[in-house]
Amino acid sequence: MDLLSLVIFVVAAVVTTVSALIAFPMLRRAGVVDVPSHRSSHTQATVRGGGVAIGCGITVATVMGMVWNVTEHGVFGLGSLMLPIVFLVLTWCYSAIGMSDDLDSLQPIGRLFGQIVLALVFSSCIALFSTQGIAHIIVFAIIGVALVNAVNFVDGLNGYVTTWSIITGAWFAFVGSWIDEGDVVLLSLALAGAAAGFLPFNLGRAKAFLGDTGSYGIGAAIFAIAVWLFVTGVPIVVIIAPMIFVLFDVGLTLVLRLFQGENILLPHRQHIYQRIQQAGWSHGSVSLFHASLSVLACILAVPTLIAGNTATTYPAHVFWAGLLALYALLPMWLIRRETAKAVHA
């Protein structure tokens with residue numbers, strides 16, 4: 001890690017921490033709190049919308065990186081400012097949509113419309129600087145909306161999305177360094193650092209939740225970086241490695257609910273990670289378990305990063321199936337174990 005990378009990470013973490021200390025009391029006084037309900041995994045009213053602190057950390061760190069780049073390279077550094085600027089605009093726009101939900105000031109159809117428009121605009125901007133056609137623009141937009149909402153769906157346990165964001169940012173930074181994409185490294189470390197700065201407030205007995213402000217913003221940040229990596233030629237397996245469990249959890253849950261004839265638009269507590277917690281694991285244990293699986297998935301993607309999609313790298317992908325099966329079956333095993341204990345008690 002060079003000096004700039006270290007500075008970006010540390011600045012993002014520190015600014016997020018300071019922003020949190022300032023913002024959380026203000027949010028509580030404004031009544032932006034999450035009151036527990038029948039579908040909640042927490043039991044006490046907690047500040048939501050805390051993701052605004054992460055947004056501040058990402059922004060300051062990214063701007064510092066941009067200034068550093070221009071200082072080092074002069075006018076030749078101006079050409080690389082487009083991605084960071086678009087990244088910040090996209091992240092904050094999605095965060096604003098999320099904040100409207102935290103404040104209960106925007107209907108679901110309005111949020112979805114805003115998400116679609118933003119994803120289309122961002123995808124069109126990417127197409128201007130690449131060889132991607134209209135089909136890719138549409139696909140990118142669909143993926144963007146799906147990813148942002150997927151992150152929002154799995155933001156239900158203390159530390160879950162925050163730890164995952166650190167891992168995803170770190171992995172994308174590693175990939176960006178491997179392919180010599182300095183901007184990707186900068187943005188990824190800003191995300192990882194900001195999430196690290198927020199983590200102490202979100203672990204254990206959480207002092208604040210990301211809220212839709214944070215989950216939407218993080219989802220948008222990861223979407224932006226992932227699309228840019230794809231445009232630069234990084235294999236899809238490498239890109240989705242840290243996201244595989246989030247996408248699998250959300251996708252499987254939606255499919256099962258559809259088969260059971262349930263309204264998928266209604267709130268629920270049927271995600272895999274939620275059922276693991278309901279089976280007796282603490283928030284921190286579930287978050288750590290998911291983080292560990294995500295790290296393993298990234299490690300298994302290293303051969304593909306090095307050699308590309310070849311016959312020699314395919315066996316590593318098979319292990320993903322085993323990890324996904326472990327993740328999906330764990331709730332049932334835990335419930336059976338607890339049932340067996342109760343019977344023999």
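Quick notes on this one:
- The helices (runs of 4 or more DSSP H) found entirely in the stretch 104-179 that carry 3 or more residues being farther than 20 Å from C93 by Cβ are 134-153, 160-178.
- Scanning the stretch 167-183 for residues that are within 11 Å of the chain's Cα centre (by Cα), of a type outside the set (S, T, N, Q) and buried (at least 24 other Cβ atoms within 10 Å of the Cβ) returns a single hit, G169.
- A count restricted to the stretch 46-97 and to residues that are exposed (fewer than 13 other Cβ atoms within 10 Å of the Cβ) and modelled with pLDDT under 80 stands at 7.
- Of the listed requirements (1) closer than 27 Å to I116 by Cα; (2) surrounded by fewer than 24 Cβ atoms within 10 Å (Cβ to Cβ), W164 misses just one: (2).
- A173 being at negative phi and touching a residue at least 40 places away in the same chain (Cβ under 8 Å): yes
The values are calculated or read from the model by the stated rules, or taken from the named source; none is laboratory data. Every value quoted in this text rests on a predicted model; they were computed, and no experiment measured them. Every residue, glycine as well, gets a Cβ built from its backbone with ideal geometry; the counts of neighbours run over all protein chains shown.
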